[in-house]
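Participant: Attaching a single structure in structure tokens format; questions to follow.
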Amino acid sequence: MTNYSWVPVLALFGYLFLLLAFASAKRTKVIYSFILLQVIMILWTGGSFLMRIRFWPSVNLWHYVSIAGILLTPFGFFNFFLAFLEEKRSHGKNFWLLFFVLAYLVNLFTEVFIPTPQVIEDAAGNVCFIYTYHWPIYILFAAAAVIVFQILRLFIQYSRGDALIARQLRPILVGIVLVVLGNMISTFPVFAGIPVDVLSGILFVYSLFYALYRKRMFRLTLLASRANCYVVAILICMLIFYQQIPWLRTFFLQNLKLNEAFSILLISMMMIGTIYLLYLIMKRFLDILFVKEEQIQAETLKNFSYSVSRTLKKQTILLELTDVIQNMVSAQRVFVCIDDGSGRYVMEQTASPLDQQSFSMNQDHPLVRYLQTHDGCILMRDFCRTNDYRSMWETEKQQLRSWKIECFAPMKDSSDLVGIVMLSGKPKGKPYNSDDFSALMSVNSVCTMAVKNSRMYEQAYDEARKDELTGLYNRKCFYETIQEQFDSYKEQSLALVMMDIDDFKLYNQLYGAKEGDRALQRLADIMRATTADRGMAFRMTGKEFAILLPGYDLYSAKILAESVCAQVKRMNGSHDHLYQLKTMTLSCGICAAPYLASTPEELITNTDLAVYSAKRSGKNTVVMYSEDVGLREEKTSQGKARVSYYDTYASTIYALTAAIDTKDHYTFSHSQNVAYYAGELARAFGLNQECIDTVKEAGLLHDIGKIGIPEDILNKPGKLTVEEYEIMKSHVENSIGIIRHLPSLDYVIPAVLAHHERYDGHGYPRQIAGEDIPVMGRILCVVDSFDAMVSRRSYKQAMSVERALSILEEEKGRQFDPKLAELFIRLVRSGNLAIRIAQEDAEQPQQT
């Protein structure tokens, strides 16, 4: 092999070696781009080699194959560089591919750039290839220079302020310098015939290989593949037999007297045997060096996967993780931080129980930001060169130094950073290598999925134990927890506070279900903030809550309950005046074990009795359980049917309406008429007897607030002014203010409050519309308006019944509920509802 033919052979074997190694590597964009570059370089060196040995069919053919590789090399390298940087933009990559393909086609037909070499053979038979270049070659150099300039610009852009990226890109820049110098030198006459460009290409490709290794994009064990062993064995065999083949041929022909064909066969058999023997030796050596360790790691990883797949407990998974990391990479200390679901990474596991576990990082922490945007492990010495490290607080840096952290391994699922593993140094100061990183990422990949599954299980378990609306623990969780806490605090105090919202149904009727839900959420927030980590808060039913307080005695629990009630009172004060019609209050009961209860069941029962006592004491109070409370409440009859409390306050109400009658003779009889009409309409509408009684009582009380309206406004013969009308409208809120002081009659408040609301939303005082108006309020609106129309007032004559019905007909869907208005009209016209008209009104001429 003469005339530097060994140079392209060496290059060709080097490229094939890398190509076969990376063919079995994990497929990524940068690996694909490196393989493409290997193919281009093989075209270059392979064509050059076959041209130099003047292989069939012609020198020109292999020359053009080599030229294709040379011209595509700048594009292939530019493509690799962009992939190495993980750059999303193309930066004209497709343009350069088209440019060099066109340059190749032009050169193919004109040889204007790179001419076919002149073949010179001397007397000894040695062949030399001489290239004669002209000025157009510098067009290609200029294009390559533009690409180099783009690469340098990207290098500066990416490495500015980031020493880690600069360090990763440095081997690539060295390769660029080598290949540019090599190609420039090859054009000088003094180097004519010497394949300096091929030599520089070898150095260039292996500098890229080193850059990939520095970035830990593959493991060195890739080089120990079966195909690579054969390639190396063939290369060694060729070097061995290159000088020995002539001697062996002579020995077989002259000494052993064998014929030519048999001699060639024996030499071939010897070469094949040597290749196979070299392959076995190398394979055995590499298996001892790499494969055995890989098998051990694979078995360890398999056992780890099996262990973590059998549990959904996060702490068990993390304990297994720290153990396997210490076994596989020999890290002296391991710290694991896990995302708590709010973007905060909390240290949840260490290899030693003596290590502090109070460390945490927010999602905007420089280390977290860096690992979120970078894949793979990062050494501490590399991280120290980044701007992210420089932006950390000095106390945080000192903390990492005190732990002697040398490596960070992210636990990532796609772009989701589930956790961070921090490792201290290895024994005897050994550095972490790519095999360690590969093992860490394999372990972390398994652990990441296990932690995510554990988190999903914990979330589902937590959701099953929590109330959806308030976020407090639910009734099921309460009964599980109280049993556990009772067993844990047998020798200590365990207090239970139960809270019942007073008249919450009324609150919902007045303000709507949405506002009721918001009130429950605010109450839950108060309970959470008050108990903090001292106890647990539960939502037992729609309006019942409980607080379990381990270590609290009866009086300490009373102070906490009163604090909650005080905060609820302040919450009420933050609303506008409309929400003062019915404020939220709590009736609270307290009991403590073991002094007043010997079992969890007895603790719950006694606390319930204290709540009942609070209710019977006028509500909005805190009652501590005692034996007297228990005896009194046990004697209270249970299961009484609902009764009307109107009779209890009948004398009071009569006195109030009589007082109004002295100011406005109309109000007393009007209230009785409205109560009658409302009861009949409610019955016809299909409401039950309880609702019928309620709407009748509301009818009697709906105008009780007029006692606070000046007499000159009540009896004014003409139209009211705007100011007077506003005063008249206040009688609704006056009515609610009076009824609020009759606690057992507060169930009529929603109907009384809504009897001046309009179906179209233009009424008062709350301007609610449609079905948002309580049905009893809509009933009162119809019958109140009807009685007002057919009665004589100070400002008008009585209206005929037919005319009043016509107005009801006209106002359906605007002022009145269309269904209720239609039903009332039908009741009157069918004679099923008797019309009550005062004698004095009947004697007066009626309006038509």
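The values are calculated or read from the model by the stated rules, or taken from the named source; none is laboratory data. These figures come from a predicted structure and were not determined experimentally. FYI the Cβ positions are ideal-geometry reconstructions off the backbone, even for glycines, and counts take in every protein chain you see. These accessible areas exclude ligands, DNA and RNA; they are computed on the full protein's heavy atoms, side chains included. Shrake-Rupley method; radii C 1.70, N 1.55, O 1.52, S 1.80 Å.
Participant: Give region 683-736 a look and list any residue that's open to solvent by 40 Å² or more (accessible area, probe 1.4 Å), more than 19 Å from residue 778 (Cα to Cα) and touching a His at 6+ places or on another chain (Cβ under 8 Å), or say none.
Facilitator: 708
Participant: Sticking with this one: Going by the structure shown, is residue 397 more than 26 Å from the chain's Cα centre (by Cα), part of a helix (DSSP H, G or I), in the same structural domain as residue 588 (by TED's automatic domain parsing) and among the basic types (Lys, Arg)?
Facilitator: Criteria not met by residue 397.
Participant: Of the residues 194, 234, which single one is closer than 24 Å to residue 13 by Cβ, at pLDDT 70 or above and part of a loop (DSSP other than H, G, I, E, B)?
Facilitator: After ruling out the rest, the residue left standing is 194.
Participant: Here is a follow-up. Restricting the first residue to region 524-535 and requiring it to be in the same structural domain as residue 473 (by TED's automatic domain parsing) and assigned to a loop (DSSP other than H, G, I, E, B), which pairs with a second residue that is of a type in the set (A, V, I, L, M, F, W, C) and open to solvent by less than 10 Å² (accessible area, probe 1.4 Å) meet a Cβ separation below 6 Å and a spacing of at least six or different chains?
Facilitator: Pairs that qualify, where the first residue is in the same structural domain as residue 473 (by TED's automatic domain parsing) and assigned to a loop (DSSP other than H, G, I, E, B) and the partner is of a type in the set (A, V, I, L, M, F, W, C) and open to solvent by less than 10 Å² (accessible area, probe 1.4 Å), are 535/547; 535/548; 535/549.
Participant: In region 785-807, how many residues are assigned to a helix (DSSP H, G or I) and either without any contact (Cβ under 8 Å) to a residue 40 or more places away in the chain or open to solvent by 60 Å² or more (accessible area, probe 1.4 Å) (or both)?
Facilitator: Count: 9.
Participant: Right, another one. Checking the structure you have, find out if any residue of region 753-762 is at pLDDT below 85 and either closer than 25 Å to residue 687 by Cβ or open to solvent by less than 40 Å² (accessible area, probe 1.4 Å) (or both).
Facilitator: Checked against the condition, which is being at pLDDT below 85 and either closer than 25 Å to residue 687 by Cβ or open to solvent by less than 40 Å² (accessible area, probe 1.4 Å) (or both), region 753-762 yields no hits at all.
Participant: For residue 404, which of the numbered conditions (1) over 23 Å from residue 453 (Cβ atoms); (2) modelled with pLDDT of 90 or more; (3) open to solvent by less than 60 Å² (accessible area, probe 1.4 Å); (4) out of contact with any Pro (no Cβ under 8 Å at 6 or more places or on another chain) fails to hold?
Facilitator: So residue 404 meets the others, but not (3).
Participant: Test residue 492 against the criterion of being open to solvent by 70 Å² or more (accessible area, probe 1.4 Å) and over 21 Å from residue 625 (Cβ atoms), and give yes or no.
Facilitator: Criteria not met by residue 492.
Participant: Quick one: would you say residue 448 is under 19 Å from residue 301 (Cα atoms) and hydroxyl-bearing (Ser, Thr, Tyr)?
Facilitator: yes
Participant: Still on this model: Going through region 808-819 one residue at a time, which ones are touching a Phe, Trp or Tyr at 6+ places or on another chain (Cβ under 9 Å), over 13 Å from residue 784 (Cα atoms) and not in a loop (DSSP other than H, G, I, E, B)?
Facilitator: 812, 818, 819 - these are the residues of region 808-819 that are touching a Phe, Trp or Tyr at 6+ places or on another chain (Cβ under 9 Å), over 13 Å from residue 784 (Cα atoms) and not in a loop (DSSP other than H, G, I, E, B).
Participant: Give the residues of region 350-381 that are over 20 Å from the mean Cα position of the chain (by Cα) and modelled with pLDDT under 85, sorted by residue number.
Facilitator: Selection gives 350, 351, 352, 353, 354, 355, 356, 357, 358, 359, 376.
Participant: Moving on to the next point. Pairs, please: C-beta under 7 Å, at least 6 apart or cross-chain, first residue under 19 Å from residue 179 (Cα atoms) and in region 57-74, second in a loop (DSSP other than H, G, I, E, B)?
Facilitator: Correct list of pairs: 67/114.
Participant: On the basis of being touching a residue at least 12 places away in the same chain (Cβ under 8 Å) and closer than 30 Å to residue 777 by Cα, does residue 504 make the cut?
Facilitator: So residue 504 fits the description; yes.
Participant: Would you pick out the residues in region 524-536 that are at pLDDT 90 or above, among the aliphatic types (A, V, I, L, M) and closer than 13 Å to residue 563 by Cβ?
Facilitator: Answer for region 524-536, where residues must be at pLDDT 90 or above, among the aliphatic types (A, V, I, L, M) and closer than 13 Å to residue 563 by Cβ: 526, 527, 529.
Participant: Follow-up. Taking residue 636 as the residue in question, decide whether it is at pLDDT 80 or above, surrounded by fewer than 14 Cβ atoms within 10 Å (Cβ to Cβ) and closer than 30 Å to residue 510 by Cβ.
Facilitator: Judged against the criteria, residue 636 is not a match.
Participant: Which one of 329, 346, 334 is over 25 Å from residue 366 (Cα atoms), among the hydrophobic types (A, V, I, L, M, F, W, C) and touching a strand residue (DSSP E or B) at 6+ places or on another chain (Cβ under 9 Å)?
Facilitator: Only one candidate qualifies: 329.
Participant: Any idea which of (1) touching a residue at least 40 places away in the same chain (Cβ under 8 Å); (2) in contact with a strand residue (DSSP E or B) (Cβ under 7 Å, 6 or more places away or on another chain) is the one residue 512 doesn't satisfy?
Facilitator: Only one criterion is unmet by residue 512, namely (2).
Participant: Mind counting the residues in region 506-559 that are hydroxyl-bearing (Ser, Thr, Tyr), surrounded by 14 or more Cβ atoms within 10 Å (Cβ to Cβ) and closer than 18 Å to residue 495 by Cβ?
Facilitator: 4
Participant: Run down 742, 827 and say which single residue is modelled with pLDDT under 85, in contact with a helix residue (DSSP H, G or I) (Cβ under 9 Å, 6 or more places away or on another chain) and open to solvent by less than 50 Å² (accessible area, probe 1.4 Å).
Facilitator: It is 742.
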